[in-house]
Amino acid sequence: MPAFKTPFNGYAVKFSPFYEQRLAVATSQNFGILGNGRLHVIDLSPAGPIAEIAAFDTADGVYDVSWSESHDSLLIAAVADGSVKLYDLSLPPTSNPVRSLSEHTRETHSVDYNAVRRDSFISSSWDDTIKLWTIDRPTSVRTFKEHAYCVYSAAWNPRHADVFASASGDCTARIWDVREPGSTMILPAHEFEILSCDWNKYDDAIIATSSVDKSIKVWDVRNYRIPVAVLNGHGYAVRKVKFSPHRASVIVSCSYDMTVCMWDYMVEDSLIGRYDHHSEFAVGVDMSVLVEGLLASTGWDELVYVWQHGTDPKAP
């Protein structure tokens, strides 16, 4: 499948949960350090090139994006000015963003929409906090402040509407229940910064973390003294980790070593696929919920690749 060229450096890519051909891409100018951002919405075509169906410009870089689980046209973006912006594809560009939520005091680094409750989402920030929002409120419902450093990632549990995990530069991952006053569990998961976390889609007690230490670790929150698995194979920091929506033990990751890797943490030779199609840091990766084995990645080489596992991402 042909690659999609973005004017800025890629930061995140997400498949639509409603349309199998549609993706959103978050990008930032000048490697996200300083400058503008752009949110792209693209459609795959079986025959021709990837088509851009919408693009939204921001004054600051866009670090992450999440699709709404309740409205097929709604997107949420994490922006470097600390804002969380909501975009509606059904409205003209002049009406977007439909909302800009400015509470974080530093860069917003991740956003995740609640797939169970479908009316709320979380954002995590370099201001060391996570915030809970609902679609209909102009202010956050709650702020979660325990981490001692940047919170790079926060992810909802796929089965429990009130439970989420967070990954921080303070070397811990934390489990939270929005009904509880503080975190319900602290995982001292790595000895270096933790950049990403994700929940298993088939076992709601299994979580994966990825770190600057080049490893991915899989944990069972019912017994977290030692990890279920440690996945080594990346040469540099592992920027994102994502569980497969189709196979319980499969994980995909991307790294500053410019590769995208696929793992099966239940088998001895856990590395089951390695793709080295990017020519700069690979920082965004996703797996399609609607098409089994369909992968997407983006990176600082300003390219978005979409491919079927087992095929060459660069194949036309």
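The values are calculated or read from the model by the stated rules, or taken from the named source; none is laboratory data. This structure is a prediction, so every number in the text was calculated from the model and none was measured. Heads up, the Cβs are rebuilt from the backbone with ideal geometry, glycines too, and the neighbour counts pull from every protein chain shown. Note: accessible area is taken over every heavy atom of the protein model, side chains too, but ligands, DNA and RNA are not part of it. Shrake-Rupley method; radii C 1.70, N 1.55, O 1.52, S 1.80 Å.
Out of the residues in segment 36-49 that are open to solvent by less than 50 Å² (accessible area, probe 1.4 Å) and not in a strand (DSSP E or B), which is nearest to G284 (Cα to Cα)?
Of segment 36-49, the ones open to solvent by less than 50 Å² (accessible area, probe 1.4 Å) are 37, 39-45, 48.
Pick out the ones that are also not in a strand (DSSP E or B) and you get 44-45, 48.
Working: L44: 18, S45: 21, G48: 24 Å.
That would be L44.
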Open item on the list: Quick check on my filter: what residues within segment 238-256 are open to solvent by 20 Å² or more (accessible area, probe 1.4 Å) and either among the small types (G, A, S) or closer than 17 Å to F192 by Cα (or both)?
Closed with: K240, A248, S249, Y256
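Results for (1) among the polar types (S, T, N, Q); (2) open to solvent by 10 Å² or more (accessible area, probe 1.4 Å), shown as yes or no for each residue.
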site: N157; (1), (2): yes, no
site: V163; (1), (2): no, yes
site: D170; (1), (2): no, yes
site: W176; (1), (2): no, no
site: R179; (1), (2): no, yes
site: L187; (1), (2): no, no
site: I194; (1), (2): no, no
site: C197; (1), (2): no, no
site: A205; (1), (2): no, no
Task: Check on P93, modelled with pLDDT under 95, surrounded by fewer than 20 Cβ atoms within 10 Å (Cβ to Cβ) and on the phi < 0 side of the Ramachandran plot - done: yes
TODO: Report yes if some residue within segment 82-95 is closer than 29 Å to P313 by Cα and aliphatic (A, V, I, L, M); otherwise report no.
DONE: yes
TODO: Test each condition in (1) open to solvent by 50 Å² or more (accessible area, probe 1.4 Å); (2) farther than 21 Å from S166 by Cβ for L75 and report the one that comes out false.
DONE: (1)
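Kindly indicate whether L75 is out of contact with any His (no Cβ under 7 Å at 6 or more places or on another chain) and under 18 Å from T139 (Cα atoms). Break it down stepwise before answering.
Working: out of contact with any His (no Cβ under 7 Å at 6 or more places or on another chain): yes; under 18 Å from T139 (Cα atoms): yes.
Considered against the rule, which asks whether it is out of contact with any His (no Cβ under 7 Å at 6 or more places or on another chain) and under 18 Å from T139 (Cα atoms), L75 comes out as yes.
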Open item on the list: Any residue in segment 32-43 that is of a type outside the set (A, V, I, L, M, F, W, C) sitting within a Cβ distance under 8 Å of a residue that is assigned to a helix (DSSP H, G or I) and open to solvent by less than 30 Å² (accessible area, probe 1.4 Å)? List the pairs, counting only those 6 or more apart or interchain.
Closed with: none
Open item on the list: Looking at (1) surrounded by fewer than 22 Cβ atoms within 10 Å (Cβ to Cβ); (2) in contact with a Lys or Arg (Cβ under 6 Å, 6 or more places away or on another chain); (3) not hydroxyl-bearing (S, T, Y), which one does D276 not meet, given that it meets all the others?
Closed with: (2)
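Tell me the strands (runs of 3 or more DSSP E) entirely within segment 121-236 that contain at least 2 residues that are at pLDDT 95 or above, more than 17 Å from the chain's Cα centre (by Cα) and closer than 22 Å to V79 by Cβ.
Working: elements: 129-134, 142-145, 151-156, 163-168, 173-177, 185-187, 194-199, 206-211, 216-220, 229-231.
The strands (runs of 3 or more DSSP E) meeting that bar are 129-134, 142-145.
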Task: Close pairs from segment 49-71: first within 25 Å of R118 (Cβ to Cβ), partner assigned to a loop (DSSP other than H, G, I, E, B) and of a type in the set (D, E), Cβ under 8 Å, at least 6 apart - done: Y63/E107; S70/D119
Task: Matching option when the condition is open to solvent by 50 Å² or more (accessible area, probe 1.4 Å), in contact with a strand residue (DSSP E or B) (Cβ under 9 Å, 6 or more places away or on another chain) and within 23 Å of S288 (Cα to Cα), among E103, E52 - done: E52
